[in-house]
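Remarks on the structure that follows.
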Amino acid sequence: DAKTTQPPSMDCAEGRAANLPCNHSTISGNEYVYWYRQIHSQGPQYIIHGLKNNETNEMASLIITEDRKSSTLILPHATLRDTAVYYCIVRVRRAGTALIFGKGTTLSVSS
Amino acid sequence: GAVVSQHPSRVICKSGTSVKIECRSLDFQATTMFWYRQFPKQSLMLMATSNEGSKATYEQGVEKDKFLINHASLTLSTLTVTSAHPEDSSFYICSARDQGQENTGELFFGEGSRLTVL
């Protein structure tokens, strides 16, 4: 699976958009970009995933650059409950394979 | 989304005892489940892949005789930490993929089980 690079930490004011970047310059054509988050002392939670088109769901938007070497997770209106570690993971969509977690970005949302 | 439940959520035990952690998929079937371990302020580390009806596959450096994994049904996998020692104290998390939606690649995670060995 391709390696990802994320900033270790970011701050965001409550109500503002949180934009979390992820670099994955070695991504291959059949690898997807997945985002998960982990709130303190809980299991990770799936947020969104995409291949090359931008994606949006009730939680967030995922913007993938045209060359697919980087992406941005957008939380449009961050709340205090969005404070968590966010993991960007690149992998093929293959049954029976685990997710390999990097260090992620610790997002702190403050009022 | 699909629900994965772990039990117990917290357990404290004495050194030398064995502890069993259960992971259940509540509303879907999972031929494969995964066990992770997470130490404070660190990321999740994959320990093993649990396959229904067959032996688990362990990651390098994980002792299979110490961390016994059983996946007896499509909805239950168990992790037994045998002869636990203080260095085994950690947050153990399981995950599973819905067998009926394997093409999504999405994994569902349990709430985690915090083990403290005294």
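The values are calculated or read from the model by the stated rules, or taken from the named source; none is laboratory data. Note that this is a predicted model, so its numbers are computed, not measured. A quick note on method: Cβ atoms are made from the backbone with ideal geometry, for glycine too, and the neighbour counts reach across all protein chains shown.
For the stretch B:26-49, how many residues meet the condition of being closer than 14 Å to B:Asp98 by Cα and either modelled with pLDDT of 90 or more or of a type outside the set (Asp, Glu) (or both)?
8
Could you tell me whether A:Ser71 is of a type in the set (S, T, N, Q) and at pLDDT below 95? No, not satisfied. Of the residues making up the stretch B:64-90, those that are touching a residue at least 60 places away in the same chain (Cβ under 8 Å), part of a loop (DSSP other than H, G, I, E, B) and either surrounded by fewer than 19 Cβ atoms within 10 Å (Cβ to Cβ) or basic (Lys, Arg) (or both) are B:Thr82, B:Ser83, B:His85.
Scanning the stretch B:96-118 for residues that are hydroxyl-bearing (Ser, Thr, Tyr) and either in contact with a helix residue (DSSP H, G or I) (Cβ under 8 Å, 6 or more places away or on another chain) or modelled with pLDDT under 95 (or both) turns up just one, B:Thr104.
In the set B:Ser43, B:Ser54, only one residue is surrounded by 15 or more Cβ atoms within 10 Å (Cβ to Cβ), part of a loop (DSSP other than H, G, I, E, B) and over 13 Å from the mean Cα position of the chain (by Cα); that residue is B:Ser43. Identify the single condition in (1) basic (Lys, Arg); (2) within 22 Å of B:Leu107 (Cα to Cα); (3) part of a loop (DSSP other than H, G, I, E, B); (4) more than 14 Å from every other protein chain (Cβ to nearest Cβ) that A:Arg68 does not satisfy, given that it satisfies every other one. Evaluating A:Arg68 over (1) basic (Lys, Arg); (2) within 22 Å of B:Leu107 (Cα to Cα); (3) part of a loop (DSSP other than H, G, I, E, B); (4) more than 14 Å from every other protein chain (Cβ to nearest Cβ) leaves (2) as the failure.
In the stretch B:99-114, is there at least one residue being in a strand (DSSP E or B), closer than 15 Å to B:Tyr36 by Cα and more than 10 Å from chain A (Cβ to nearest Cβ)? Reasoning before the result, please.
Taking the stretch B:99-114 as the starting set, the residues that turn out to be in a strand (DSSP E or B) are B:108-109, B:113-114.
Now narrow it down to the ones that are closer than 15 Å to B:Tyr36 by Cα: B:108-109, B:113-114.
Those left that are additionally more than 10 Å from chain A (Cβ to nearest Cβ): none.
No, there is no match, as no residue in the stretch B:99-114 is in a strand (DSSP E or B), closer than 15 Å to B:Tyr36 by Cα and more than 10 Å from chain A (Cβ to nearest Cβ).
Hey, among the residues in the stretch B:6-21 that are out of contact with any Pro (no Cβ under 8 Å at 6 or more places or on another chain) and crowded, with 16+ Cβ neighbours inside 10 Å, which one's nearest to the other protein chains (Cβ to nearest Cβ)? Looking at the filtered set, the residue picked out is B:Gln6. Filtered by the rule that a residue be under 27 Å from A:Ala13 (Cβ atoms), part of a strand (DSSP E or B) and within 11 Å of another protein chain (Cβ to nearest Cβ), the stretch A:90-111 gives a lone residue, A:Thr106. Checked against (1) of a type in the set (Lys, Arg); (2) within 30 Å of B:Ala48 (Cα to Cα); (3) free of Cβ contacts under 8 Å to residues at least 40 places away in the same chain, A:Lys52 meets all criteria but (2). When residues in the stretch A:3-36 are screened for being of a type in the set (D, E, K, R) and within 11 Å of chain B (Cβ to nearest Cβ), 1 of them pass.
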